[in-house]
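Notes to accompany the following structure.
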Amino acid sequence: MVKESTNFVIAMDINSINDHSPWWARAFAIFLGFMLLLTVANFFYLEIFGINGINHYTFGNEPPDPGSYPENGTEEEQRNYNNSLREWDDYQSYMEMMDDLEESYVTEISQIFAVLTILIGIPTIAMFWTQNEKMLHFGLAFGAISIIGEVWKAYISSEIVANFMESVPGGGDYAWIAKTSIFTSSMCGILYIALAIVLHNMYHNLNDLPESGFHVKVDTPYIETVDHGDNDIQH
């Protein structure tokens, strides 16, 4: 006995393909929240300590001026003087770099972009936490602000930092790191934009796909034919 085969039509809802866990976007929102906290902390850090911040010379650790060379001193005194002079020169070069950075207004630029990051970052976190359809727009804006701010600061400070490194013995070999910071400083912003695009595609783009040709109903017009009897060929 042969059973008749039955054709099963499986209706697949396109939204079921797009059923991703909301925690992918929420994890990114948590990450942005952490970065936002660091931005707030850096804002107040610059406000309190300035561009100098807390460094090796803070809290009275500045090296003393070695004075004149002890020509009549012992060999050990002359050696100690040379070491002190080297520390003093490094300190002077460092303070000159800090003065140049202060005059370049890099602190003010950092704080301005910190405020912009906070203002756009809070709604961006909300958009990704709720997987709102505008998450892409806010994600792109957040990434763009990050790129512009970091590249601008790197452009201003890279040459100043490179000059300082070249003035320190052995530092000239690594001065290229400061000069390339203009390009590397944009990496975080590019990462934000890339993740925003990927996450938006996960939650929203598939909803906009049209139905395939197998699901679209095409209304074919009714063609009326005239019956001419046995003389159809003549007509």
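What follows draws every value from the coordinates through simple rules; no lab data is involved. Everything numeric here is computed off the predicted structure, so don't read it as measured data. We place every Cβ from the backbone using ideal geometry, glycine too, and count neighbours over all the protein chains shown.
Please compute the modelled spin-label separation between Asn42 and Glu96, points set 7 Å along Cα→Cβ, answer in nm with one decimal.
Each label point lies 7 Å from its Cα, and together they span 2.8 nm.
Efficiency by 1/(1 + (r/R0)^6): what FRET value for Trp24 and Cys188, r their Cβ-Cβ distance, R0 = 22 Å, to the nearest 0.05?
In this case the efficiency is close to 0.70.
How are the Cα pair distances of the stretch 83-204 distributed, in percent, across 10 Å bins from 0?
Per 10 Å bin, starting at 0, the Cα pair percentages come out as 13, 32, 25, 17, 10, 3, 0.
Using the 10 angstrom Cβ neighbour count as an exposure proxy, how do Tyr94, Tyr155, Tyr192 rank, fewest first?
Exposure proxy ranking, most exposed first: Tyr155, Tyr94, Tyr192.
How many angstrom separate the Cα center of the stretch 93-131 from the Cα center of the stretch 14-88?
Value for the Cα centre distance between the two parts: 16 Å.
What is the stretch 34-84 by shape, rounded, prolate or oblate, if you read a ≥ b ≥ c off the alpha carbon gyration tensor as root eigenvalues and call it rounded for a/c under 1.5, prolate for a/b larger than b/c, and oblate otherwise?
Note, shape of the stretch 34-84 comes out prolate.
Can you give the FRET efficiency for Ile109 and Met202, using 1/(1 + (r/R0)^6), R0 = 30 Å, r = Cβ-Cβ distance, to the nearest 0.05?
0.30
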